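The values are calculated or read from the model by the stated rules, or taken from the named source; none is laboratory data. Because the structure is a prediction, the values reported are computed rather than measured. Cβ placement follows ideal geometry from the backbone for every residue including glycine, while neighbour counts extend to all protein chains displayed. Side chains included, ligands, DNA and RNA excluded: accessible areas come from the protein's heavy atoms. Shrake-Rupley method; radii C 1.70, N 1.55, O 1.52, S 1.80 Å.
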Amino acid sequence: MEHRRGDAGDPGSSSGEEPPRDSSDDYAGNAQYAGDVQASGSPRAGGRRGPRSKWAAGPAGGQPGRRRRVLLLGGIGAAMAVVLLAVGIVVLTGGEDEPPTTHPTTGGVSWVSGANANPPNDLAGWEKWIGRPTDIAMVFTARTNWQTITQADWPMSDFRPETYPGKLSVAQPLFPQSGSEAACARGDYDSHWRDFGTTMIRNERPDAIVRLGWEFNGDWFWWHPRDTVAWKTCFRRAVAAMRSTDPQVKIDWNMTAHRDTMPNGDNVWDAYPGDDVVDIISIDAYDSYPASPTQKIFNSQCNRASGACSVAAAARERGKQFAVPEWGLVRSTGGGGDNPFYVEKMYELFVANRDILAYEGYYSASPAETENVGSSLHNPTANPESAKRYLELFGPRVSAAQAGAGTSTPAGAAPLGGDPGSS
């Protein structure tokens, strides 16, 4: 996120998708605004076409190929259907049209859990509030030019292991605003990505998770695909160059929720660059467009092509890890406000997928960040009911054995990946 969200619905959307979103908090190495306002509201090339298959990304290697329409219960295969059904049973419980009545019966985090860490967010203050250390910090480079993107030590220099022992997730654009996916696909930027591999090693973060070209299916950043094949080639080249100098880097392919169709008209899954260049498949999921005040709406948005349940199922089917690097409430237009039900549903999602969950991070944005979503749970507490529920569920740290013995999964639910018809 790190840029939040517009005030009007998307006139081109028939499925409740989010409007263009503006930037608000890019930071340079001295924690001042970098001043590189992100592009938003880009024209939709060729208009909006209907969504294609959820996983129609061409050959596994990400090379050009005929796109295929894959039916959810057909082309993906029976195993995928079982996984999707199991996820639905485990996560999505309760009467669909009624007010929320289902609640996790135990709390406790047994996975890698963190929060956004760029200034002005105070990660130490967040940890004091939740009563435990975070396991991962989500940061964003300053996107002014190649020097700030790939050569500058900040923000990683603030999170070297001796200072912050947790993991680090770094959001990176595919190129600066002056660049293009075509130049990237030609290899013009390979040297910059080799530089970034060296920068990660220099800052003692060779195993950093890089969220490359994050939220590519929105139109608020300049790196969304114009030509999907060229975009995938660009992505693959950047990964190869990074790995040439830093073979330990983990690559996170990240979409935003509620955007099944990219600005160029292609389905979001058409941009999947290939299993060989992706370690983690992730989604940023905020309670907006649509907000989820009931089980029925949550079920609908979670299981759409760009929904968190679908992304988790796809990661499982491909043998990848799953992540939600950014999630949160939304007080701005289109959001559900102080909605503890959404906190509970996300907790249930993480419990159901903890065996493949690489990490998740709550994005706590203060209402003072006027172009942001107002998701803050602490300092200030903009959403007091949700803050209370977050502390109950995400405050305690429990072991995997304790988590397995808990009762957070609704009674009678099928084991994830098991036979939903068995008792």
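Express in nm, to one decimal, how much length is gained between LYS388 and ARG132 on full extension, taking 0.36 nm for each residue of separation and deducting their alpha carbon distance.
Values: separation 256, 0.36 × 256 = 92.16 nm, distance 1.55 nm.
Length difference between fully extended and current span is 90.6 nm.
If I model a spin label as a point 7 Å beyond the Cα along the Cα-Cβ vector, how far apart are those points for THR105 and GLN147 in nm?
Distance between label points: 6.0 nm.
Taking only protein heavy atoms and a 1.4 Å probe, what accessible area per residue, in Å², does region 115-164 have with all protein chains in place? Before the final figure, lay out the partial values.
On the way: 1900 Å² over 50 residues.
Accessible area per residue: 38 Å².
On the accessible surface of region 238-357, probed at 1.4 Å, how many percent belong to carbon and sulfur atoms?
Details: 1190 of 2530 Å².
Summing carbon and sulfur atoms, their accessible area is 47 percent of the total for region 238-357.
Within 12 Å, Cβ to Cβ, of THR163, how many net charges do the neighbouring residues add up to if Lys/Arg are +1 and Asp/Glu are -1?
Working: positive: ARG160, ARG205; negative: ASP158, GLU162, GLU204.
The answer is -1.
If each of ASP276 and ASP188 carries a label point 7 Å out from its Cα toward its Cβ, how far apart are those two points in nm?
2.6
I want to make sure I understand the PRE zone here: with the label point 7 angstrom from the Cα of ALA368 toward its beta carbon, which residues in region 374-395 have backbone N atoms less than 16 Å away?
Counting only backbone N, you get 374-383.
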